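Let me begin by presenting the structure, written as structure tokens, before commenting on it.
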Amino acid sequence: MTIKRYYKIALFALLAFIVYKVASWFVFEPDRINAFHLVPHDAMFIIETREPISNLEILSQSELWDHLQSNEQIALMSEKLNSLDSLFQSERNLFNKIGDRDLIISAHKISFDDYGFLYVADLRQYSKIDLIKNNISQLVNENYSVSKREFKGHVIQEILDTNTNEVLRITFIENQLVASYTPRLVERSITTSKNPKLSTDLNFIKVKNEIQDDGLFRFYLNHNQLSNYYGLFVNESSDIIDILERNFYYSGFQIEEESDRWLKATGYISGNSTAQAFIKALDNSGTGSLDATTILPNDTALYISFGFDDFQSLHQDFISILKKQENKTVEEYENGKKKIEEFLDIDLDRDMYSWWDDEFAFATLDNSNNSNYKSNQESIIAAIKYNDEDVMQERLRFVQEQIRKKSPVKFKTVNYKQHAINFLDIKGFFKWVLGGMFERIEKPYYTVIDDYIVFSNSPVTLKKMIDDYEDKNTLIYSDYYMDFIDEFSTQSNVFFYIDTNKLAHVGSEYLNKETQLLLNKQHDFYSQFTQLGFELKAKDDLFKTKAVMRYDPDYDNQVQELEQQVSPGIELVRNVVNLDKETIFQLDLFPSDFTASDYEKFYSNGQLKFKVPLSDGLPNGRYREYYITGELKISGRFRQGKQIGKWKAFYPNGKRFHQKSF
């Protein structure tokens, strides 16, 4: 064989090799692994985006994104993500070099009070370039140093930022780049790749398959980790978090930013057998109205509505479906129901469920500026819409009479503006009769407002609701609320409404110290996300969901707080200036506890405002009222709620202002 022939063979072999390499680059896929196979199963939430560069460019043009970047935590996460790019020498960042690629960010609890992020980026064809995989030290700039270690057959490259001493860990698993500033998250990702759990969970797959790939990004919430995540910020447990964790598996949302004012998401929630039975029953029942806004005051912090076409049909359908899946649970429920009915000689279907209409509503009011409240428990309300007032009143009177016969418990009633406020002096009664939904209503006061029977732990709350209803100071008359609610349909199965700033006031006492400091420091940031809403509608065995968050750059929390603050000097001037002989003894007294022996109220500085003894919820004895500086203002006596004898009023200097006999 001649030398010339050898050259031809060698040239042919070289050309064949080049053709193979080109073909393998453009035609043959590298060994691939699903990015979700690399996410440990205890992820609290996951963010997924198909085009991170393009989506960030879209977001960066909006006022909302500028606001998000002002938050320290979000800016830090963004900075960490950007550092994946900035550590490379090229002027164009890594993602620009390889194009828009799938990116996943997952959050994991890494200690008692902290969490870390795992980043997974699909390199696709670029995963074939050994220079990227094995020679990162040749790509990083002079501000970084690189070391290597091995874990379960994978090389983990540790990139030290010599300026901050932070270490970014990177490894490559097939076509995926895996990175984190938390070392054990990269190691756990490697371990997970051998035996993935999250990505093979049928409940997660069911939700993920329903979420469309368009939009800015997808967001997945692992309900099994809700209490862990919630516990990072709050000291006490939450009934809502407990329900969501026990009965639901995953939520998935497609996120869109439609304007500088609205962040919107649509998606689905999967649940266990109990949740599925409830969803199917709701699907069969139909949706209900959101009419409780006609009675809920403007200072509502949280409003939860359960809607259905007919409660009795829903109840029977739910029990029937659940019985096939959780027969033991149904038996326990039916046995408890039977015991209550036999003890009181009542029929819950006839005496309670028959007059329930198409909505249950639960709400918490913001009582932060009302000194009449002793705790946030007093601002909780539950409301049941009734379909026939005559039937409702008749059946409730019958239940009350049965309780009187069967127990020593007494009903007390105080009338206010033609509304009878009733009190049943037995702790946990309505939870006993109506179930866990009424667990927080420990001392049931109740009254009728519009088409609802309303329950609360405090008569002051009911009095306020009556006042606000008559003064049209309710959500339905609020343009700000109605503008927000227009983003949702008029009927749903489950609806959550949150006024974020009011809820922050209500929930501040439950937050841990670190979260309180964080919220105080970042108050301007959080306060401008003023409203949050969730709508759930039953679809087969899933909840179809919609979420909307409102961004209001015009909201100024400092102005709001200033408007609500009153100094003792101003309060004293008001007390003196407003002295009027015609109205000085017209007192609006409404105790917060019908069982208390005294009714007293304090100024914001802690000074006693007034005090009077009580008998069956009515003022009965000596009444004394004081100025904010401590001087006596009014003195007189009550007998069973009525003023008697001589009443006297004084100036702050002790001089008599007015006297009147009753």
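Based on protein heavy atoms only, region 598-661 ends up with 54 Å² per residue of surface accessible to a 1.4 Å probe. Can you give me the C-alpha center-to-center distance between region 600-662 and region 480-497, rounded to a whole angstrom? When both Cα centres are located, 45 Å separates them. Placing a label point 7 Å from the Cα of Asn284 along the Cα-to-Cβ line, the residues of region 314-347 whose backbone N sits under 20 Å from it are 314-335. Count Lys and Arg as plus one, Asp and Glu as minus one, and take only other residues whose Cβ is under 11 Å from that of Thr490; the net charge is then -3.
Here is the link list: Lys581/Lys655; Lys609/Lys646; Lys464/Lys581; Lys611/Lys648. Which ones come out longer than 24 Å on Cα distance?
On the way: Lys581/Lys655 14 Å; Lys609/Lys646 20 Å; Lys464/Lys581 27 Å; Lys611/Lys648 15 Å.
Over 24 Å Cα-Cα: Lys464/Lys581.
On the beta carbon distance between Glu142 and Thr329, with R0 = 56 Å, the FRET formula returns roughly 0.30. Once Rg and the Kirkwood radius are both taken over the C-alpha atoms of region 598-661, their ratio Rg/Rh works out to 1.00.
Trypsin sites (Lys or Arg not before Pro), restricted to region 599-662: which are DSSP loop and have at most 15 other Cβ atoms within 10 Å? Walk me through the numbers before you get to the answer.
Working: sites: Lys601, Lys609, Lys611, Arg622, Arg624, Lys633, Arg637, Arg639, Lys642, Lys646, Lys648, Lys655, Arg656, Lys660; in loops: Lys655.
Loop-located and lightly packed - Lys655.
For Tyr416, nonlocal amide neighbours, meaning residues 5 or more places apart or on other chains whose placed amide H falls under 5 Å from its own, are Ile421.
What's the extension gain from His658 to Glu341 if we count 0.36 nm per residue and subtract their Cα-Cα distance?
Details: separation 317, 0.36 × 317 = 114.12 nm, distance 5.79 nm.
The His658-Glu341 span can extend by a further 108.3 nm.
Leaving out ligands, DNA and RNA, and with a 1.4 Å probe, what % of the accessible surface on region 146-219 is carbon or sulfur?
Numbers: 1630 of 3520 Å².
Carbon with sulfur: 46 percent of the solvent-accessible area.
Set the Förster distance to 45 Å, then compute FRET efficiency between Ser635 and Gln418 from the Cβ-Cβ distance, nearest 0.05. Please report the intermediate quantities before stating the final value.
Numbers: r = 31 Å, r/R0 = 0.69.
Taking R0 as 45 Å, the efficiency between Ser635 and Gln418 is 0.90.
Label zone of Asp479 (point 7 Å out along Cα→Cβ, amide N under 20 Å): in region 258-288 this covers 261-262.
The values are calculated or read from the model by the stated rules, or taken from the named source; none is laboratory data. Keep in mind the model is a prediction, meaning the values are calculated, not measured. Note that each Cβ is placed from the backbone with ideal geometry, even for glycine, and that neighbours are counted across all protein chains shown. Accessible surface areas use protein heavy atoms only, side chains included; no ligands, DNA or RNA. Shrake-Rupley method; radii C 1.70, N 1.55, O 1.52, S 1.80 Å.
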